[in-house]
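In what follows, a single structure is set out as structure tokens and then discussed.
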Amino acid sequence: MLNLRELVLKMKEDDFHSFSNGLKESKAEKHFLLTQLLRDKKMKEDAIIQTLDLSTNAYYTLKSRLYQKIKEFLSTQLSYSKADLYVNISHIPNLIYNTPKKEAILILSRLEEDLLKNDMPNALTIVYSALKKIYANSPHFFHYSQQYNKNLAYTATLEKAEELLIDFNKKLGEYYLSGDKQFLDVLVFIKKEMYIISRQYESHHLRMYKLILEISLAVFFPGMEFPDDDPVEDMLAAMDKIFKSFPNDPVYQHLDKIYHFLSFEYYHSMGIHKKSAGFLDTINETLPSFLLCNFCAFPSKILISKLAHYQKLKKQHLLFGENKELEKEYEVTPEDIVHFVNYSKYLAASAIYSQEYQEAVNYLNKLVNVVSLRNYFHADIEIKLLLVICNSLINKYEVADLNLKSVQRKISETEGDQYENVKILSKMLQLQTSSSAQSAGTIDRMLELRDHFLNSNTGSSKILEWFDFSDDFIRLLGKPVKRFK
């Protein structure tokens, strides 16, 4: 055991009195008396045992417990908050160069316990590096060298898991814009890689990243689950349990948003709108910051789902006003093309819901002027169809017709029945762009094609699933001259 008396003697006066008072308040009388006796340099150990009226075994047990209490006390007396472990780490150089070794070892040992509990291997490498220096000429050096190497490897594994999650969400976004099914094979491959990595260490962080990936794949691509995958609700419950087990984890305080996002997307896809609404309300409170989480989720997907959700609840008219506030707090650059496209589409849709059709055109024109959608077949078609609709609603039929012909050329190059829904919608839109005057039966024919489109608008080629193709809207669209704001 380290020399307990030496440790007590080296305690600063303020720390000693604070520690002693704590013992008195907790009515730890024997511990208090032993602390006072050890502080007296002239008091011999035999005299201390006699004063305490203890057997030798009881005395050494008491010393051991006092040692542990001092260890815990010293670890809380540093000049930084224990809750913020990363701040503590920054003080380690000062600790090993200016603190007596026995005291430094006590503090580092307690810090090691906290870091192990919070699954922070990167910070642990700094602690073990410090302990290697302290034990440079001791047999303990080899042990801490091993621990350093182990946590260095574990840190690299965590970093790899985070990179896999980034890559997964990038490929998910690219599939969402392109419709290229080759990305699905990549997503499954990444899932397998994450599974292998997550088994290398017993880590709640690795499990969290695995859960985020697996839930995302299950929610956005139903039917692609592996046979041994847990149900989505069980995986969401597992995420929530980890959050509650580590409430002070600095990463989890942000990943909690991902939990609400995935919960909303799951219940929204299941048509359980009352339950999904609560999760969406939570995300709406911090929507600008949530949209920044594009490295650990597919956040702009919630904007598209939100359009459909609001329409279902007959709240779509609220979006335009809400988004004026969002534009003040959030900005996405064209370089982040997936989220830039989704965000622009979301703003345009909210303008359409409020009959601000010129505003919608402005958002969409800005999008097509700053990014090229040539390699994103699905998104290119959807944006051009929106431009057809919006330009028609402001009586710019020539522009609408140009975009419609562009869509028809692209669709003619596809094989089989793929995008049959788009072909039908194009026919409907062509009816109101091909003539400046409404012919008899145009509206009825448009309504018939609308129904056909909605029935065929399923699967991976689904487009504009959030759009309100109501009878009233079709009648408005079918008018030769529209009134608009």
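The values are calculated or read from the model by the stated rules, or taken from the named source; none is laboratory data. Since we're looking at a predicted model, the values are computed, not measured. Glycine gets a Cβ as well: all are built from the backbone with ideal geometry, and neighbour counts include every protein chain shown. Only protein heavy atoms, including side chains, enter the accessible area calculation; ligands, DNA and RNA are left aside. Shrake-Rupley method; radii C 1.70, N 1.55, O 1.52, S 1.80 Å.
Among the hydroxyl-bearing types (Ser, Thr, Tyr) and farther than 30 Å from Thr458 by Cα: is that true of Ser203 in this structure?
Numbers: among the hydroxyl-bearing types (Ser, Thr, Tyr): yes; farther than 30 Å from Thr458 by Cα: yes.
The answer is yes for Ser203.
Can you spot a residue in the range 406-414 that is surrounded by fewer than 20 Cβ atoms within 10 Å (Cβ to Cβ), among the charged types (D, E, K, R) and not in a helix (DSSP H, G or I)?
Step one: list which residues in the range 406-414 are surrounded by fewer than 20 Cβ atoms within 10 Å (Cβ to Cβ), which gives 406, 408-414.
Still in the list and also among the charged types (D, E, K, R): 409-410, 413.
Filter once more, so that each one left must be not in a helix (DSSP H, G or I): 413.
Yes, that holds for at least one residue.
Mind checking whether some residue in the range 391-402 is open to solvent by 10 Å² or more (accessible area, probe 1.4 Å), within 28 Å of Asn455 (Cβ to Cβ) and not in a helix (DSSP H, G or I)?
Scanning the range 391-402, I find no residue that is open to solvent by 10 Å² or more (accessible area, probe 1.4 Å), within 28 Å of Asn455 (Cβ to Cβ) and not in a helix (DSSP H, G or I), so the answer is no.
Is it true that Lys312 is more than 15 Å from the chain's Cα centre (by Cα), under 27 Å from Glu174 (Cβ atoms) and among the basic types (Lys, Arg)?
Numbers: more than 15 Å from the chain's Cα centre (by Cα): yes; under 27 Å from Glu174 (Cβ atoms): no; among the basic types (Lys, Arg): yes.
No, not satisfied.
Looking only at the range 298-329, count how many residues are outside any helix (DSSP H, G or I) and open to solvent by 20 Å² or more (accessible area, probe 1.4 Å). Lay out the reasoning, then the answer.
Taking the range 298-329 and keeping what is outside any helix (DSSP H, G or I), we get 298-300, 313-315.
Adding the requirement that they be open to solvent by 20 Å² or more (accessible area, probe 1.4 Å) leaves 313-315.
So the answer is 3.
Could you please find all residues in the range 16-42 being assigned to a helix (DSSP H, G or I) and open to solvent by 40 Å² or more (accessible area, probe 1.4 Å)? Show your work before the answer.
Pass one, the range 16-42, residues assigned to a helix (DSSP H, G or I): 16-25, 29-39.
Those that are assigned to a helix (DSSP H, G or I) and open to solvent by 40 Å² or more (accessible area, probe 1.4 Å): His17, Ser18, Asn21, Lys24, Glu25, Glu29, Lys30, Phe32, Leu33, Gln36, Arg39.
Exactly one condition in (1) open to solvent by 50 Å² or more (accessible area, probe 1.4 Å); (2) assigned to a helix (DSSP H, G or I) is false for Ala351; which is it?
Checking Ala351 against (1) open to solvent by 50 Å² or more (accessible area, probe 1.4 Å); (2) assigned to a helix (DSSP H, G or I), the one that fails is (1).
Condition check ((1) of a type in the set (Val, Ile, Thr); (2) open to solvent by less than 20 Å² (accessible area, probe 1.4 Å); (3) in contact with a Gly (Cβ under 7 Å, 6 or more places away or on another chain)) across all residues:
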residue: Lys101; (1), (2), (3): no, no, no
residue: Leu115; (1), (2), (3): no, yes, no
residue: Phe142; (1), (2), (3): no, no, no
residue: Thr155; (1), (2), (3): yes, no, no
residue: Glu174; (1), (2), (3): no, no, no
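Quickly run through the range 365-381 and pick out the residues that are surrounded by fewer than 22 Cβ atoms within 10 Å (Cβ to Cβ) and either in contact with a strand residue (DSSP E or B) (Cβ under 8 Å, 6 or more places away or on another chain) or assigned to a helix (DSSP H, G or I) (or both).
Asn365, Lys366, Val368, Asn369, Val370, Phe377, His378, Asp380
Counting only residues that are out of contact with any Leu (no Cβ under 6 Å at 6 or more places or on another chain) and closer than 22 Å to Leu287 by Cα, which one in the range 220-247 is surrounded by the fewest Cβ atoms within 10 Å (Cβ to Cβ)?
That would be Pro247.
Residue under question is Leu319, and the condition is that it be closer than 23 Å to Ala379 by Cα and touching a residue at least 40 places away in the same chain (Cβ under 8 Å); does it hold? Before you say what the answer is, go through the steps one by one.
Details: closer than 23 Å to Ala379 by Cα: yes; touching a residue at least 40 places away in the same chain (Cβ under 8 Å): no.
For Leu319, the condition - closer than 23 Å to Ala379 by Cα and touching a residue at least 40 places away in the same chain (Cβ under 8 Å) - is not met.
For Val388, only one of the following conditions fails: (1) modelled with pLDDT of 95 or more; (2) more than 34 Å from the chain's Cα centre (by Cα); (3) open to solvent by 40 Å² or more (accessible area, probe 1.4 Å). What is its number?
(3)
Tell me the residue from Asp119, Asp180 that is within 23 Å of Ile196 (Cβ to Cβ), among the charged types (D, E, K, R) and open to solvent by 10 Å² or more (accessible area, probe 1.4 Å), please.
Numbers: Asp180 fails: within 23 Å of Ile196 (Cβ to Cβ).
Criteria check complete, one pass: Asp119.
Taking only the range 198-219 into account, find how many residues are surrounded by fewer than 20 Cβ atoms within 10 Å (Cβ to Cβ) and at pLDDT below 95.
6
In the set Phe264, Phe295, which member is loosely packed, with under 14 Cβ neighbours inside 10 Å and in contact (Cβ under 8 Å) with a residue 12 or more places away in the chain?
Working: Phe264 fails: loosely packed, with under 14 Cβ neighbours inside 10 Å.
Exactly one residue qualifies, and that residue is Phe295.
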